[in-house]
Amino acid sequence: MVKIRIPATSANMGAGFDSMGIALSLYNYVTAEENDSGKLEIDIIDDSAKFLPTDEENLIYRSMKRVFDLTGHKCPGLKLTLENNIMITRGLGSSSAGIVGGVVAANKLCGDKLSTDEMLRLAADIEGHPDNVTPALVGGFTVNVMTRHSVRYVKTELNPDELRFAALVPDFYLQTKKSREVLPKSVPHNDAVYNAGHSALLAASLITGKYENIRTAVGDKLHQNYRKRLIPNMDSLFRLCYQKGALGVYLSGAGPTIIAIVDGSDKKFACEISGILLSKMKDWKLYELRPDNIGACVIENQQNK
């Protein structure tokens, strides 16, 4: 039996469309136990049980099966216990957490036959892009490129005392497919140049600690302006966060969650924003998160006892 902890992730980070992501301190848990029952049993111990399949269509099981098939591992029976604290279809990497959790759990049951790079490539293949699965697996802030044969990435550990990530999460869902459908098939050359420069500035600023650049660096012209029609109050929430001292504000992944990057010494931001949401926008809730520099990890492994 193995138990895996997997962090939430926030992708794009403004200018880094489909190429940047960060792991955050909100976690899902996957417990996997082999047995001789010849059956698959999936127990989801949270409210997501109302939405997620508990048969072979479950994303975590499908990800595990890819590992089993790849390594030739025979699993006669399997019990999965899932605890999902990452909100589904909110732009916080719930599907990537499922994929990574399944891949890591299966690899442990197989005897660690796959390397980290091999697990990452498989997870990115399942997800279709690496911006969420990379930080979910290895933690930290990552810049990622998916090639034909591998995922190339650079990981930077961010100091949780220096930066916090305030996640403003609404009570409505936004499917990634729907959020991608509003994006244009092509963009003006100037917009592409704008994002290339801003994403480079964002990466360099987070890596070197030049946090005063973040507000400029999260600027985007590839996706946020197109997606805001699907997210009521997005512009007003951006303005509010900046008024209250955010270093930078961006749409997390495909949305609808909005992330405000906040100085770690700022003791007022979360309290003030939460109070305004409670009084004026009750359909939004703030979660104060920190960078997770570990990524997916085994927190229990009875096979080694």
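The values are calculated or read from the model by the stated rules, or taken from the named source; none is laboratory data. Treat the numbers as computed from the prediction; the structure is a model and nothing was measured. Note that each Cβ is placed from the backbone with ideal geometry, even for glycine, and that neighbours are counted across all protein chains shown.
Data table
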{"item": "Strands (runs of 3 or more DSSP E) fully within segment 107-207 counting 1 or more residues that are farther than 18 Å from Met20 by Cβ and not acidic (Asp, Glu)", "result": "163-170"}
{"item": "Output for segment 143-193, where each listed residue is of a type in the set (S, T, N, Q), at pLDDT 95 or above and under 24 Å from Cys241 (Cβ atoms)", "result": "Thr156, Asn159"}
{"item": "Any hit, segment 255-275, residues being of a type outside the set (Phe, Trp, Tyr), over 17 Å from Arg164 (Cα atoms) and surrounded by fewer than 15 Cβ atoms within 10 Å (Cβ to Cβ)", "result": "yes"}
{"item": "Ala23 in a strand (DSSP E or B), in contact (Cβ under 8 Å) with a residue 60 or more places away in the chain and either surrounded by fewer than 18 Cβ atoms within 10 Å (Cβ to Cβ) or out of contact with any Lys or Arg (no Cβ under 7 Å at 6 or more places or on another chain) (or both)", "result": "yes"}
{"item": "Pairs with Cβ under 7 Å, 6+ apart, first in segment 282-302 and on the phi > 0 side of the Ramachandran plot, second surrounded by 14 or more Cβ atoms within 10 Å (Cβ to Cβ)", "result": "Gly295/Pro7; Gly295/Ala23; Gly295/Pro135; Gly295/Ala136; Gly295/Leu137; Gly295/Val138; Gly295/Gly139"}
{"item": "Qualifying residue in segment 204-217 (condition: touching a residue at least 12 places away in the same chain (Cβ under 8 Å), within 19 Å of the chain's Cα centre (by Cα), within 28 Å of Ala123 (Cβ to Cβ) and buried (at least 17 other Cβ atoms within 10 Å of the Cβ))", "result": "yes"}
{"item": "Matching entry among Asp47, Asp69 (being at pLDDT 95 or above, farther than 17 Å from Val133 by Cα, of a type in the set (D, E, K, R) and surrounded by fewer than 17 Cβ atoms within 10 Å (Cβ to Cβ))", "result": "Asp69"}
{"item": "Segment 120-137 - residue that is surrounded by 21 or more Cβ atoms within 10 Å (Cβ to Cβ) and among the β-branched types (Val, Ile, Thr) and, of those, farthest from the chain's Cα centre (by Cα)", "result": "Thr134"}
{"item": "Scan of segment 254-290 for residues that are touching an Asp or Glu at 6+ places or on another chain (Cβ under 6 Å) and either of a type in the set (S, T, N, Q) or part of a loop (DSSP other than H, G, I, E, B) (or both), ordered by number", "result": "Gly264, Asp283"}
{"item": "Subset of segment 190-223 (residues that are in contact with a Gly (Cβ under 7 Å, 6 or more places away or on another chain) and among the polar types (S, T, N, Q))", "result": "Ser199"}
{"item": "Pairs, first among the β-branched types (Val, Ile, Thr) in segment 54-66, second modelled with pLDDT of 95 or more and exposed (fewer than 15 other Cβ atoms within 10 Å of the Cβ), C-beta under 9 Å, six or more apart", "result": "Thr54/Glu41; Thr54/Asp43"}
